[in-house]
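**Q** Before I ask anything, here is the structure I am working with.
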Amino acid sequence: MKVNPNFLKKVKKYGAFDISKCFNCGNCTAVCPLSAEDASFPRKMIRYAQVGAQKEIESSLDPWLCYYCGECSDTCPRQAYPGEFMMTLRRYLIAKYDITGISGFFYRFPWIQNILVAGIFAFSLGAFAVYKGDFQELAAKIELAFPVYVTLAIAAYVFTFYRKTILDKAKKILISFDFSNIKETLIHGLTQKNFSGCSDTDRTRWIAHLLVMSGYTLTLVISNLHLLEPLKKHYGISDFATFLVFYAAFAILAGGFIMMYRRAKKKAQSSSFSHSTDWLFVVMLFLIGFTTAVVHISNMILGPQDPRVEMLYKINIAVEVAWIIIIVPFTKWIHIFFRPMAVYLRNLKKEEAQGKLFSMPIPGLK
């Protein structure tokens with residue numbers, strides 16, 4: 001095992017914890033309802049960090065199988081905050097999976113990210129305000145560019161994740177076509193199922209995540225398929241598009257409000273040490289839901305030709321531009337892919353041990 005004596009100092013830049021207090025009693029793993037024989041955390045991760053086993057942590061799925069129930073931190077006899085340590089590891093790993101290095105920079109210097117988000121929003125809104133062409137057509141082109149940009153970012157992250165956790169160890173491509181594995185992966189991705197696995201289920205937190213997940217996914221569908229034309233069509237209360245917008249907006253606003261309220265109150269362990277980027281993520285998400293709803297309601301009341309509707313729509317698109325360029329590829333948003341993928345890869349490892357996988361050796365990879 002190769003160790004990095006400076007590893008713990010690096011990780012501490014990504015969150016609030018003090019595992020130097022940990023004397024390896026194992027209580028955190030014992031009380032964790034999600035910890036299992038093939039995914040024993042957080043004790044193992046803490047020990048790896050203490051000795052500087054950087055490669056072992058970067059190749060582990062364990063940080064993504066943790067859902068920060070908070071039970072480990074609540075019962076830690078040394079107040080080392082192992083739950084926050086696992087959250088910190090996820091921030092660190094996002095930075096390591098990012099081939100651009102931008103995520104790590106933003107996590108270490110979050111104020112720069114805040115300035116960039118505000119700057120991109122202001123620049124975009126200024127450019128939109130003086131635009132004399134058909135803004136509805138311009139918005140359509142911007143929304144068509146979003147999926148390409150996001151897909152490239154996700155593909156790079158996912159490949160690096162797969163390489164570090166599977167490829168570098170197996171020295172060959174491993175893929176599972178087992179329907180039960182694919183089904184479980186989709187269920188976890190759509191429902192964040194493991195939140196219910198905690199022995200003392202925090203249903204409010206789970207509901208908030210479900211609302212945000214479903215609302216934002218629907219917003220992506222509406223945006224990427226360009227289902228709305230608020231400057232060309234007058235929508236009514238009975239239109240199907242209105243139902244979609246109202247649900248998406250309500251889900252994002254309700255889920256986002258719950259998240260912000262919990263972070264402000266800091267009553268639960270999972271909300272006690274919110275990173276600046278966590279706040280930026282949920283605030284921007286809230287603004288997307290709010291501006292989307294305001295544009296649609298204004299269209300219904302004032303009609304598509306009213307200049308106030310166009311201005312509100314420009315604000316909405318400016319928020320989305322800042323969100324897509326800065327927030328989506330470089331912060332917590334990517335969790336929605338890593339967590340279900342960790343479930344898939346965990347099952348894939350089990351199938352490999354049973355010899356049930358499709359595998360393809362890579363020439364020259366040793």
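No value in this document is a laboratory result; all are computed from the given coordinates. Everything numeric here is computed off the predicted structure, so don't read it as measured data. Because the Cβ atoms are built from the backbone with ideal geometry, glycine has one as well, and the counts that use them run over all protein chains shown.
**Q** Quick check on the chain: helices-only [θ] at 222 nm, where DSSP H runs of length 4 and up contribute -39,500 (n - 2.57) each and the sum goes over total residues. Nearest 500, please.
**A** Dividing the helical sum by the residues of the chain leaves -20000 deg cm²/dmol.
**Q** From a point 7 Å beyond the Cα of Tyr131 in the direction of its Cβ, which residues of the range 143-181 have a backbone N at a distance under 20 Å?
**A** Residues 143-150 fall inside that zone.
**Q** Does anything in the range 40-77 have its amide N under 16 Å from the 7 Å Cα→Cβ label point of Ala30, and if so which residues?
**A** From the range 40-77, the list is 41-44, 71-77.
**Q** Multiply the residue separation of Arg308 and Ile112 by 0.36 nm, subtract the distance between their alpha-carbon atoms, and state the gained length in nm to one decimal.
**A** Length gained between Arg308 and Ile112: 67.3 nm.
**Q** Dipole magnitude of the chain about its Cα centre, charges +1 at Lys/Arg Cβ and -1 at Asp/Glu Cβ only, in debye to the nearest 20?
**A** So the dipole magnitude of the chain works out to roughly 1320 debye.
**Q** Also, I was wondering about something else. Ranked highest first by the average count of other Cβ atoms within 10 Å around their residues, in what order do 91-102, 232-243 fall?
**A** So the order, starting with the most tightly packed, is 91-102, 232-243.
**Q** So what is the diffusion coefficient of the chain in µm² per second by Stokes-Einstein at 25 °C and 0.890 mPa s, using a Kirkwood Rh over Cα pairs?
**A** D, rounded to a whole number, is 111 µm²/s.
**Q** Let me ask another. Would you kindly give the portion of the calculated P(r) for the range 51-201 that falls above 24 Å, as a percent of all Cα pairs?
**A** 55
**Q** Using the per-residue mean of other Cβ atoms lying within 10 Å as a proxy for protection, in what order, highest first, do the peptides 65-74, 179-188 fall?
**A** Sorting 65-74, 179-188 by mean packing, highest first, produces 65-74, 179-188.
**Q** Per the Kirkwood formula on distinct C-alpha pairs, the Rh of the range 273-366 is how many angstrom?
**A** Radius from the Kirkwood sum: 17.2 Å.
**Q** More than 17 Å apart: what percent of Cα pairs in the range 7-97 qualify?
**A** When all Cα pairs of the range 7-97 are counted, 39 percent exceed 17 Å.
**Q** If the chain between Tyr261 and Lys2 were fully stretched, how many nm would it gain, using 0.36 nm times the residue separation less the Cα-Cα distance?
**A** 89.0 nm
**Q** How many angstrom separate the Cα center of the range 306-362 from the Cα center of the range 26-104?
**A** 21
**Q** What does the charge count around Met1 come to, taking other residues whose C-beta lies under 12 Å from its C-beta (Lys +1, Arg +1, Asp -1, Glu -1)?
**A** +2
**Q** Given the C-alpha centroids of the range 137-189 and the range 237-256, what is the distance between them in whole angstrom?
**A** 27
**Q** A further question on this structure: Mean Kyte-Doolittle hydropathy of -0.5 or higher plus an axial Cα length of 15 Å or more: which whole DSSP H helices in the chain meet both?
**A** Flagged H segments are 82-97, 110-129, 135-162, 179-191, 203-224, 240-265, 276-302, 307-322, 335-353.
**Q** Less than 14 Å from a label point 7 Å out along the Cα-to-Cβ axis of Leu138: which backbone N atoms in the range 306-348 qualify, by residue?
**A** Only 310-319, 321 fall inside the zone, counting backbone N under 14 Å.
**Q** Going toward the positive end of the dipole of the chain, with +1 on Lys and Arg Cβ and -1 on Asp and Glu Cβ, which of Ala170, Val148, Pro5 do you reach last?
**A** Projecting each Cα onto the dipole axis, the largest value belongs to Pro5.
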